[in-house]
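First the structure, in the form of structure tokens, and then the observations on it.
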Amino acid sequence: MPNNTFAAIDIGSSEVSMKIFEVSKKYGIKELDHVRHTIELGSQAYTNGKISHTVVNELCHVLQGFTKKMKEYQVEDYTACATSALREALNNLLILDQIKLTSKLKVSILSNSEQRFLLYKAVALKEPCFNQIIEHGTAIVDVGAGSIQISLFNKGSLITTQNIKLGSLRIREILSTMENQTTNFNNLLEEYIAGDLQTFKDFFLTDFNLRNIIAVGDNINDLLRYRKYIERTTCQTFHSNPKGAMDRSAYHSLYTKLLSMNLSQISNSLQISKEEASLLVPTAMIYYKMFEQTKATTLWSPCVSLTDGLVVDYAEKKQKVKLTHDFTLDILNAARNIARRYHCNQSHTKNVEYLALTLFDNLTKLHGLNNRDRLLLQIAVILHNCGEYINLNSGALNSYHIILSTEIIGLSHTERELLAYLVRFNIGNYPKYEDLNNTFNKDTYIKISKLSAIFRIADAMDKSHKQKFSNISVTYKNRQLNITGTTLEDTTLERGLFEKKAEFFEDVFGIRPQLKQRRS
């Protein structure tokens, strides 16, 4: 198999970086070059809501340099992504257009859940002990410039993931005006950080036995470089095991030394700017408070960035690497945990999930959808009743609002909107394309219509919530579609509702399904 040269570009909140990789099936992923440029996009976006023309021009100039570097390495493929700074900037569309005109780069703005998901993929590939670590209570704490993401794993599976707007740059910008009003700015930082982390602890860590912290994020590399600097200059070792992880006491010692230095000393010791140095203390403090507020014993730092996640995602899609961890299962677990939070009927959900996926898998020639669409259908089924927790009479509408307001790890905002509409229009009249006010393009509208037709049929078959049908078989031959299920029970309710839902199915696919009963 030939090697591919791939560039991963990350337009972050405090720097723009690019890594160039060689990707092959035989040797995996090999980093060839890494270039970065410090630029304060986030400080303007978080405080003013937009990024100035001067900074945009600087960004475009840097990206022009990146494209020249890509030509030097004869890069074949690339992915360029922006994160929270551009995500929150009101003028982000204009900025993307300027980038495209000046550097010919097509940049996509990642949702928060997509961004964190890519980082997790990089951690899974780069940390050889990842699967063993998450068998026990583990928090992946991803500290970005704009926010932090805390994801809890146990017994190899994702339990929950939450985003908190406590990023290192955002904290610095919010508290910068108060710095001259106190003699101990670090205490002010600690109080600010501790409040939100305490809320997270109260909601999610009360009954969770946290053992490991996996540290990733924008400034973790600088923190690791600081550790090496202290070890080199003091002959003190902060490793607590042969794999380089730190225990509580080792991290506490490192953190204490960091707080004893001023910005100039940190800047000089690491050969970084004062702006970069000012982000290191809030980052280190977040990990310190995680140790302080939990019983975690070990901090792991696999030293990955978003660019590493981008190349892992690319290599996986090109079938150059194979990840041992099942991230699709993490997405489904996240959805199931949301459903449990709203006390959804798990027996009904499981049955409708079985029915919907059986229909989807047996009708691939009819609908022409892919595995990602199958996953979205499955998540929609899992979450379709969560709105009934709020109001039984407006369950579908409430589910729609819950899905739009809840991050689901690994899904884009557009996919979450698709899910929300799929759940909202599972009952009642299906809207015309014109009624959606250009929320989706026509292809996405057709996709939602196909998924909705399958979903409605599956939901109708368990309207009584008694799981009457089992051993479902689907036959599609000579334009006749028969759905047969085994049951000895009275299915009058299900048959009646099936007939009503079959009408919409026929509108979408041009064929009317028939429900047949197998008695045994």
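The values are calculated or read from the model by the stated rules, or taken from the named source; none is laboratory data. What you see is a predicted model, and the numbers here were worked out from it, not measured in a lab. Quick reminder, even Gly has a Cβ in these numbers, built from the backbone with ideal geometry, and neighbours come from all protein chains shown. Just the protein is used for accessible areas: all its heavy atoms, side chains included, with ligands, DNA and RNA removed. Shrake-Rupley method; radii C 1.70, N 1.55, O 1.52, S 1.80 Å.
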### Query
Could you give the angle, 0 to 90 degrees to the nearest 10, between helix 248-259's Cα long axis and the longest principal axis of the Cα atoms of the chain?
50 degrees
## Note on the structure
In terms of the charge dipole of region 395-461, which places +1 on Lys and Arg and -1 on Asp and Glu at the beta carbon, the residue among Ile409, Ala460, Tyr421 farthest towards the positive end is Ala460
### Task
Divide by every residue of the chain the summed helix terms, -39500 (n - 2.57) for each DSSP H run of at least 4, and state the resulting mean residue ellipticity at 222 nm, rounded to the nearest 500 deg cm²/dmol.
-16000 deg cm²/dmol
### Task
Determine which residues of region 256-273 fall in the zone a paramagnetic label at Glu292 would reach in this model, i.e. backbone nitrogen under 12 Å from the point 7 Å along Cα→Cβ.
256
### Task
For Thr234 and Ser394, calculate 0.36 nm times their separation in residues minus their Cα-Cα distance, and state this gained length in nm to one decimal.
51.2 nm
### Task
Would you check the accessible area of His252, probe 1.4 Å, heavy atoms only, in square angstrom rounded to 10?
90 Å²
#### Entry: Spin-label zone in region 57-87 - amide nitrogen under 14 Å from a point set 7 Å from the Cα of Val35 along the C-beta vector
59-75
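Evaluate the charge dipole of region 412-520 about its Cα centre and quote only its size in Debye, nearest 20, assuming +1 on the Cβ of each Lys and Arg and -1 on the Cβ of each Asp and Glu.
I would put it at about 420 debye.
Determine how many Å³ per residue the convex hull of the Cα atoms of region 203-278 encloses.
Per-residue hull volume (Cα only) is 128 Å³.
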### Message
Can you tell me, using C-alpha contacts under 8 Å and at least 6 residues apart, the relative contact order of region 234-357 as a whole percent?
### Response
21 percent
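Pairs of alpha-carbon atoms within less than 8 angstrom and 6+ residues apart define the contacts here; what relative contact order does the chain have, in percent?
12 percent
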### Task
Rank by packing, highest mean first: peptides 334-342, 61-69, with packing defined as the count of other Cβ atoms within 10 Å averaged across residues.
334-342, 61-69
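Please compute the length gained on full extension between Asn482 and Thr439, using 0.36 nm multiplied by the number of residues separating them and subtracting their Cα-Cα distance.
12.0 nm
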### Query
What fraction of the DSSP beta bridges in region 1-153 is antiparallel, stated in percent and rounded to the nearest 5?
75 percent
### Task
Quick one: dipole size for the chain, taken about the Cα centre, charges +1 on Lys/Arg Cβ and -1 on Asp/Glu Cβ, in debye to the nearest 20.
1500 debye
#### Entry: For region 1-101, size of Cβ-based charge dipole, Lys and Arg +1, Asp and Glu -1, in debye
200 debye
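Using 0.36 nm per residue of separation minus the Cα-Cα distance, give me the extension gain between His61 and Ser269 in nm, one decimal. Spell out each step's value before the answer.
Values: separation 208, 0.36 × 208 = 74.88 nm, distance 2.93 nm.
Roughly 72.0 nm would be gained on extension.
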### Query
DSSP beta bridges in the chain, what fraction antiparallel, as a percent rounded to 5?
60 percent
#### Entry: Cleavage-rule hits (trypsin sites (Lys or Arg not before Pro)) in region 77-158: DSSP loop, at most 12 neighbouring Cβ within 10 angstrom
Lys104, Lys106, Lys155
### Query
By how many degrees, 0 to 90 and rounded to 10, does the Cα axis of helix 274-293 deviate from the longest principal axis of the chain?
60 degrees
### Query
Shape call for region 236-387 from the C-alpha gyration tensor, a ≥ b ≥ c root eigenvalues: rounded (a/c under 1.5), prolate (a/b greater than b/c) or oblate?
prolate
### Task
May I ask which residue of Asn345, Thr358, Ile331 lies farthest towards the positive end of the charge dipole of region 327-385, with charges of +1 (Lys, Arg) and -1 (Asp, Glu) on Cβ and the Cα centre as origin?
Asn345
### Mean-position separation - Cα centroids, region 152-175 and region 472-516, in angstrom
46 Å
### Task
With unit charges on the beta carbon (Lys/Arg positive, Asp/Glu negative), name the residue among Ile20, Leu152, Gln517 whose Cα is farthest towards the positive pole of the charge dipole of the chain.
Gln517
### Task
Find the centroid of the Cα atoms in region 383-454 and in region 251-305, then give the distance between the two in whole Å.
42 Å
### Message
Students often check this: by mean Cβ neighbours within 10 Å, which of 361-374, 161-174 ranks highest, and how do the rest follow?
### Response
161-174, 361-374
### Query
Once both axes come from the Cα atoms, what is the angle between helix 442-460 and the longest principal axis of the chain, in degrees from 0 to 90, rounded to 10?
60 degrees
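Taking 10 °C and 1.306 mPa s as the conditions, I'd like the Stokes-Einstein D for the chain in µm²/s, using the Kirkwood hydrodynamic radius from alpha carbon pairs.
Numbers: Rh = 25.3 Å.
Diffusion coefficient, whole number: 63 µm²/s.
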